[in-house]
Amino acid sequence: MAARWRLAELGLLLFPLAFLGVGLALLRLAGQLVLVPALAQAAWGPALLFAVVVLAMHGFLVWRWPTADQLLLPLVVTLAAVGLLMVGRLEPSLFWRQAIWIAVGALALVGVLTLLPSVDWLAAYKYTWAAAGCLLVLATFILGVDLNGSGMRLWIGAAGVYFQPSELYKLILVIFLAAYLAEKRELIVLAGWRVGPLRLPPVPYLLPMVAVWLLALGLVVVQRDLGAALLFFGIFLALLYVATERLGYVLAGLGAFAAGGVLAYRLFGHVQDRVAIWLDPWSRAQERGYQLVQALIALAAGGVFGSGLGYGYPEYIPAVHTDFIIAAIGEELGLLGTLGVVALYLLVVYRGFRIALRAPDPYLQLLAVGLSTVLGLQALVILGGTTRLIPLTGVTLPFVSYGGSSLLVNFAIVGLLLRISTERPRA
C-alpha cells in the first residue's frame, strides 16, 4: 500500500518545500526581498505555486504511474527549490518567472509521461529525430540572435519569447544515439577493419559518429558555444563506451576532439581568450577575467559554513543567476551547501544509472544512461568552469540556474527517466 501511494516520495518532497519556506523567511529577515516592495507583498506567491506544482506531480504519479522511481523526483525538486530560492535572492524581478518556468517544466514532465505512446516509439523514428536536430542547429546558425551581448547567437525566437535550441538538441542527440547504437551494436563491435590494436567499424557506420564530431567543432567555430560542444561530445563518448565496452573507441574519440580543440585554439581568437582566462584570470581581473575572479573570491569568502542567506555579495558577479549561481551558493551557504548540491547531482545520476540497469532491453538501457549523463555532465562542466578546473564554457546548472529552455528540457528528461523506470520485461 505504501508503494502504491508513493509515501516515500511524498515524505521526501516535504524537505524541499520546507527548505524553500525557511529560506524565504530568512531572506525576509535579512531584508533582501523587502528591498523590492512589489515582491515583498507577493514573496510567498512563487513558493505557493512551487508547492502546488510539486504536489500535483506527486498526485499524478500516484494516479497514473505508481511504479515509477520514487527518489528521482524529490532529488530534482530539491535542486529546483535551491534554484528558485537563489534566483529570488539574486534577481527578485525574475522570482515569479522562474517559478512559472518550473511549472511549465512540470507540465513537460507530465506531458512526456502522458502523451508518449511508448519509449520504443522514439527509437522507431530515430532518423527523423536526427534530421530535426540538424535542422534545429542549422536554424540557429542562420537565425540565432545574441540576447546578452556575449557575441554568441544561441537563441531563436521573436516577440520577446526565445529558447536555446542546443538545450533541445541534447535530448534529440541522446534519443538518436541510443537507438542507433542499440541497433548497430554488434556490427560496430565485431565487424570492420583493424588499425593496429584498434578495430574500426565499417565506414558507413562511422559517418554518424564523424557527423557528431563535426557538429561539435561547428558549434565552437560558428557560435562560440564551447559548453554545448563539450556536452554533445561527452554524451557521444559515454554512450559509445556503454554500447561497445571498447575503451579504444573512447580514446580515439578523445584524441579526435583534442586535435580539433588544438586546431580551433590556433585559428580562433575567442578560444584563445577562454584558455588564457582559465590559465591566469588574475592578470585580466579588470577585463575578460572579471567574472571568473569574482566567482573565485565569492567561493573563498563563503568558507565552510557560508556568510548566510542575504549576507553575501554575489551581485558583484556578472550573470550570477545563470552561469555562476553555484558561486552564490558557495558564498552564502558555504562549502557544505555547495557539496550538498553536488551530492544531489551525484544521486540523480545514480538513480538514472540504476534505472538503466533495471531496464528490460539495450535501447532503454542506453537511453537511460544517456539522459543521466546529460544531467551529470552538464553539472560537471559548469562546476568545473566555475572552480577553474576547466575553461569556462557558459552552460547552465541543471534545475538551479535561471532559464526557461533548460528547465523545460531537463524536466522532460526526468519524465523520460520516470517512464523508463516503469518498463517491465516483454513477454
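We did not get these values from a lab; they are worked out from the coordinates using the rules stated. Since the model is a prediction, treat every value here as computed from it, not as a measurement. Counting neighbours? That spans all protein chains shown, and the Cβs are built from the backbone with ideal geometry, glycine included.
Things to note:
- Shape class for segment 212-361: oblate, because the ratio a/c of the largest to smallest gyration tensor axis (alpha-carbon atoms, square roots of eigenvalues) is 1.5 or more and b/c is at least a/b.
- Three-way shape call for the chain based on the alpha-carbon gyration tensor, with the a/c threshold at 1.5: oblate
- Residues considered: Gln70, Gln286, Gln294. Largest GNM mean-square fluctuation over the chain, using C-alpha springs under 10 Å, is found at Gln286.
- Rounded to the nearest angstrom and listed largest first, the equivalent-ellipsoid semi-axes of segment 382-424 from its Cα gyration tensor are 28, 13, 6.
- Put a plus charge on the Cβ of each Lys and Arg, a minus charge on the Cβ of each Asp and Glu, and nothing anywhere else: the dipole of segment 333-427 about its Cα centre is then about 200 debye.
- Simple Cβ-charge dipole of the chain, Lys/Arg +1 and Asp/Glu -1, about Cα centre, in debye nearest 20: 760
- Note on the chain: dipole from Cβ charges, positive end direction compared against Ala99, Val54, Ser372; the farthest Cα belongs to Ser372.
- Environment charge at Leu299 (Cβ cut-off 13 Å; Lys +1, Arg +1, Asp -1, Glu -1): -1
- Mean sequence separation of contacting Cα pairs (under 8 Å, at least six apart), scaled by the length of the chain, corresponds to a relative contact order of 22 percent.
- Among Leu408, Leu251, Leu24: highest mean-square fluctuation, GNM of the chain, C-alpha pairs under 10 Å: Leu251
- Neighbour cut-off at most 14 other Cβ (10 Å), DSSP loop, chymotrypsin sites (Phe, Trp or Tyr not before Pro), segment 291-389: Phe305, Tyr311
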